[in-house]
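The values are calculated or read from the model by the stated rules, or taken from the named source; none is laboratory data. Note that the structure is predicted; figures quoted are calculated from it, not measured. Here the Cβ is made from the backbone with ideal geometry for all residues, glycine too, and neighbour counts use every protein chain on show.
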Amino acid sequence: GLGRAFAGALIFAVPVLMTMEAWALGFHLHPLRLALFLAVTLPMLVLLHKYGGFRQTVALRDRIADAFVAILVAAVAATAVFFIFGIVTAEMPLRE
């Protein structure tokens, strides 16, 4: 399931990560608005999990946990892509 999630994150995220529009949003949006965007994304992921997720679950608690796993997988995939393409390096400050 995690391998499928990682592959899906790469297939859908890499084209978005490589556009200037996505970079501009990250640079110009206030951090609280980005946090709000993330907070709105979580209920959408819980709802999407009902139709297709990592595994078949019935309990809402499991769907919420899988939504957090999906966010974590996406963050790891994006970080890996940034390191592979040299966009982010170990010498960069954490703020960037």
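Values for this structure:
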{"read-out": "Cβ-Cβ under 9 Å pairs, at least 6 apart or on other chains, region 3-18 side free of Cβ contacts under 8 Å to residues at least 24 places away in the same chain and farther than 18 Å from PHE83 by Cβ, far side β-branched (Val, Ile, Thr) and in a helix (DSSP H, G or I)", "value": "GLY8/VAL73"}
{"read-out": "Candidates LEU72, LEU34, LEU38, filtered to the one that is out of contact with any Phe, Trp or Tyr (no Cβ under 6 Å at 6 or more places or on another chain), surrounded by 11 or more Cβ atoms within 10 Å (Cβ to Cβ) and farther than 15 Å from PHE6 by Cβ", "value": "LEU34"}
{"read-out": "Qualifying residue in region 44-56 (condition: touching a Ser or Thr at 6+ places or on another chain (Cβ under 8 Å) and surrounded by fewer than 14 Cβ atoms within 10 Å (Cβ to Cβ))", "value": "no"}
{"read-out": "Check on PHE83, surrounded by fewer than 14 Cβ atoms within 10 Å (Cβ to Cβ), part of a helix (DSSP H, G or I) and touching a Ser or Thr at 6+ places or on another chain (Cβ under 8 Å)", "value": "yes"}
{"read-out": "Residue count, region 39-85 (criterion: aromatic (Phe, Trp, Tyr) and at pLDDT below 85)", "value": "4"}
